[in-house]
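Okay, so here's the structure we're looking at.
The values are calculated or read from the model by the stated rules, or taken from the named source; none is laboratory data. Given the structure is predicted, the values throughout are model-derived calculations rather than measurements. Here the Cβ positions follow ideal geometry from the backbone for every residue, glycine too, while neighbour counts run over all protein chains shown.
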């Protein structure tokens, strides 16, 4: 029972260290009780050791996942349960593999393996069809941006590495003290831990104090229509939505406004892609853009394209009947009166809601499970490149749609393609007034630091905000409020080290984890052979 209590303690420490209400110093202790429990079980004479390791780790990770991402249930009960149970399972598998390696190697090798393998796990979570990187450890500092200004060099994987290193220093101290009972062990471990936690924070403040804010900026108007997606959104047509957005813009526009932002799929009727120019979304976009001569309007729209030509069928196309397909898009569009319309299709999709993972493999087995997941019946179609939108005077912005803002290296693609600030349009109302929308808004600050790009964020029901390149929120409109934000959005052309090199920490970790794993397995077999 002691080990199960330790597992629960780990889950609570990780959960209570998580944004937006948690205190991230707890993350530096979060894995320690679970590591102690694994050590106790590994060195016991109990039967079914692997199952016990799996059990205590699953308990710890289930508590963490449940307390931090319970809010998914409010939008899709089955999908919420699946996300919590499946992600806990994946984390437990990672921990079980660490146990196998720890049995065959020494402390340094096993610690290095766990740290590198966990980073590999987080990297996989950013790229595969079951992608769910919400709890990647580096996200845990999003509410304390003054501590992590060095993310412009490392991205969030620097935060993951930081957390795990401190956890293993503390874990090692507990093991050593249990064996030798020397107070000096605790003193040295405390000193190492304080230095390892404190020096990056000090470096972050030095970066912050010496950072020169770019001088160029534009003025943005952000719309928050506050439309309830369960009772209003799909019962309100695009004409009524357009009229609301136009009236809100007229009331708040100024002579200096360069861009008006509206939320994700604010025009939700379903517009035929080839006829977009004649749609209600385009009409009201032009009306808003006409309020000022140099104004651009950026908003979200649901688009689809129907076709019968088999040569146009892609892996994300949806079949209606024989020789009758359609592509379904969650898109952003930009309209002004001095250039052609610009459209971008969302390309990082929510699992189950917008994306049927591994459709070719799973659909013959599961059927149309997307309906059961509470999502849209149609699978969304993406595009391969990170297209940027161009405003007046060749100012460029990234049209980031909702879930895409969780992906660090992905967002750097917009910066490398010329985006001078990040526009995030989202609809977080599906989760209700829970931690979900607050965490999502908080993560946008990480993207600002990584790219040193200001963020203009339009959320249907909130939180809408403007964030500067160091992660400070300069303007904010809270949840469930209809209204507008106006403010300066800073422009930046410089490419950060992280934007240039991406997730290099994860790439290095792949090689390190593989090397230690092979060393452990081959070395173990060899030692058994010579016994």
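Applying the selection to region 417-430, what residues are touching a helix residue (DSSP H, G or I) at 6+ places or on another chain (Cβ under 6 Å) and surrounded by fewer than 23 Cβ atoms within 10 Å (Cβ to Cβ)?
none
Within region 319-360, count every residue that is touching a helix residue (DSSP H, G or I) at 6+ places or on another chain (Cβ under 6 Å) and in a loop (DSSP other than H, G, I, E, B).
Of all residues in region 319-360, those touching a helix residue (DSSP H, G or I) at 6+ places or on another chain (Cβ under 6 Å) come to 335-337, 348, 350, 352, 356.
If we keep only those that are in a loop (DSSP other than H, G, I, E, B) as well, we get 337, 348, 350, 352, 356.
Here the count works out to 5.
Checking residue 316 against (1) in contact (Cβ under 8 Å) with a residue 40 or more places away in the chain; (2) in a strand (DSSP E or B), which single condition isn't satisfied?
Among (1) in contact (Cβ under 8 Å) with a residue 40 or more places away in the chain; (2) in a strand (DSSP E or B), the lone unmet condition for residue 316 is (2).
Out of region 323-367, which residues are more than 25 Å from residue 269 (Cβ to Cβ) and modelled with pLDDT under 85?
Matches in region 323-367: 351, 357, 358, 359, 360, 361, 362, 363, 364, 365, 366, 367.
Would you check if there is a residue in region 290-299 being assigned to a helix (DSSP H, G or I) and either in contact (Cβ under 8 Å) with a residue 40 or more places away in the chain or in the same structural domain as residue 242 (by TED's automatic domain parsing) (or both)?
Checked against the condition, which is being assigned to a helix (DSSP H, G or I) and either in contact (Cβ under 8 Å) with a residue 40 or more places away in the chain or in the same structural domain as residue 242 (by TED's automatic domain parsing) (or both), region 290-299 yields no hits at all.
Tell me, please, whether a residue that is free of Cβ contacts under 8 Å to residues at least 40 places away in the same chain, in contact with a strand residue (DSSP E or B) (Cβ under 7 Å, 6 or more places away or on another chain) and assigned by TED's automatic domain parsing to the domain that holds residue 481 can be found in region 210-226. Spell out how you get there, then give the answer.
Narrowing region 210-226 to residues free of Cβ contacts under 8 Å to residues at least 40 places away in the same chain: 210, 212, 215.
Now drop any that are not in contact with a strand residue (DSSP E or B) (Cβ under 7 Å, 6 or more places away or on another chain), which leaves none.
Checked region 210-226: no residue is free of Cβ contacts under 8 Å to residues at least 40 places away in the same chain, in contact with a strand residue (DSSP E or B) (Cβ under 7 Å, 6 or more places away or on another chain) and assigned by TED's automatic domain parsing to the domain that holds residue 481.
Keeping to region 387-402, report how many residues are crowded, with 21+ Cβ neighbours inside 10 Å and within 26 Å of residue 354 (Cβ to Cβ).
Summing the residues that are crowded, with 21+ Cβ neighbours inside 10 Å and within 26 Å of residue 354 (Cβ to Cβ) in region 387-402 gives 8.
So, in region 133-150, how many residues would count as being within 23 Å of residue 91 (Cβ to Cβ) and not in a loop (DSSP other than H, G, I, E, B)?
Adding up the residues that qualify gives 8.
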